[in-house]
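The values are calculated or read from the model by the stated rules, or taken from the named source; none is laboratory data. For clarity, every value in this text was computed on a predicted model and none was experimentally measured. Note that each Cβ is placed from the backbone with ideal geometry, even for glycine, and that neighbours are counted across all protein chains shown. Remember, those area values only see protein heavy atoms, side chains included, never the ligands or the DNA or RNA. Shrake-Rupley method; radii C 1.70, N 1.55, O 1.52, S 1.80 Å.
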Amino acid sequence: MPTYQHPIFTFENAKTTKGEPLGYVTAIRYLAPSDEASSPVRFKNLNTCPNAGACRSVCLYTAGRGVFATTQAARIAKTRHRALHREDHLAQMFNEILRANERARKHGLKLAVRVNGTSDLPGDALELAREFPSIQFYDYTKLAG
């Protein structure tokens, strides 16, 4: 199974860095939202936001560094990697969380994790949160229940 060659989580975000003075470092996974990573052949119905509706027009996907084509291409590649190799993708996320938590502790900080920065896949977040009960996970969803 091919490993995704880049970090899945990012720590550089104008909003999340505001948590550092409060004692938190935040890891966020940004995927391509809704059906942005779909293609007519291999990724026909790839949708990371199953209930995207009106929010699609105001999605943060193109905010900040998301305005750059290279950033969007990387998010699409990351989304497709997750679609093709979910277990490998989750394993890489697991390892990145372990390393990030250790770095945070060395700096006297706590780690917070947001799995869905520009997606709505609560299953990934719940699975990882169960693995790391001492780490703060946060998220929101438009999925009922």
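Miscellaneous remarks
- With a simple spin-label model that places each label point 7 Å from the Cα along the Cα-to-Cβ direction, the separation between residue 11 and residue 98 comes to 1.7 nm.
- Fully extended contour minus Cα-Cα distance, from residue 144 to residue 110, at 0.36 nm per residue: 9.2 nm
- Per residue value of the accessible surface for the stretch 87-127 (all protein chains in place, 1.4 Å probe), Å²: 47 Å²
- If R0 is taken as 41 Å, the Cβ-Cβ distance between residue 134 and residue 73 corresponds to a FRET efficiency of 0.70.
- Sorting 100-112, 130-142, 72-84 by their mean Cβ neighbour count within 10 Å, with the most densely packed peptide first, gives 72-84, 100-112, 130-142.
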